[in-house]
Amino acid sequence: MVYAIVRAGGRQEKVSVGDTIVINRVAGEAGDTVEFAPVLLVDGDKVTSAKEDLEKVSVTAEKIEDFRGSKVRILKFKNKTGYTKRQGHRQELTRLKVTKIA
């Protein structure tokens, strides 16, 4: 089993070919390809983490869609002062499908 750990969207994700991942919004249209540099590569029993070996490896993913995450509601309240503040946030996200680890 071949898998890689890649840095994507401010986090590290474990991916293998055929996996679908959700990361922070990436520019481009649906169907575009996105390349990631791996942090770690595991090929069966062989683990590669040396920087010069990982420079030869790339992880390619296809952009499936852009969407917005679920709403996060923020409520600030201070007792006895009459202060309340409501705010909401929806994160811009992208769904990717990993196509190749080479």
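The values are calculated or read from the model by the stated rules, or taken from the named source; none is laboratory data. All of these numbers come straight from a predicted model, not from anything done at the bench. A quick note on method: Cβ atoms are made from the backbone with ideal geometry, for glycine too, and the neighbour counts reach across all protein chains shown. SASA here: full protein model, heavy atoms, side chains in, ligands and nucleic acids out. Shrake-Rupley method; radii C 1.70, N 1.55, O 1.52, S 1.80 Å.
What the table shows:
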item	result
Unmet criterion (only one of (1) of a type in the set (D, E, K, R); (2) more than 22 Å from residue 35 (Cα to Cα); (3) assigned to a loop (DSSP other than H, G, I, E, B)) for residue 56	(2)
Residue in region 38-47 that is among the acidic types (Asp, Glu), open to solvent by 70 Å² or more (accessible area, probe 1.4 Å), out of contact with any strand residue (DSSP E or B) (no Cβ under 6 Å at 6 or more places or on another chain) and touching a residue at least 24 places away in the same chain (Cβ under 8 Å) present	no
Among the candidates 14, 85, residue that is part of a strand (DSSP E or B), within 19 Å of the chain's Cα centre (by Cα) and either surrounded by 12 or more Cβ atoms within 10 Å (Cβ to Cβ) or at pLDDT 95 or above (or both)	14
Region 50-59: number of residues that are open to solvent by less than 80 Å² (accessible area, probe 1.4 Å) and over 13 Å from the mean Cα position of the chain (by Cα)	5
Within region 17-37, considering residues that are within 15 Å of residue 101 (Cα to Cα) and aliphatic (A, V, I, L, M), the one surrounded by the fewest Cβ atoms within 10 Å (Cβ to Cβ)	37
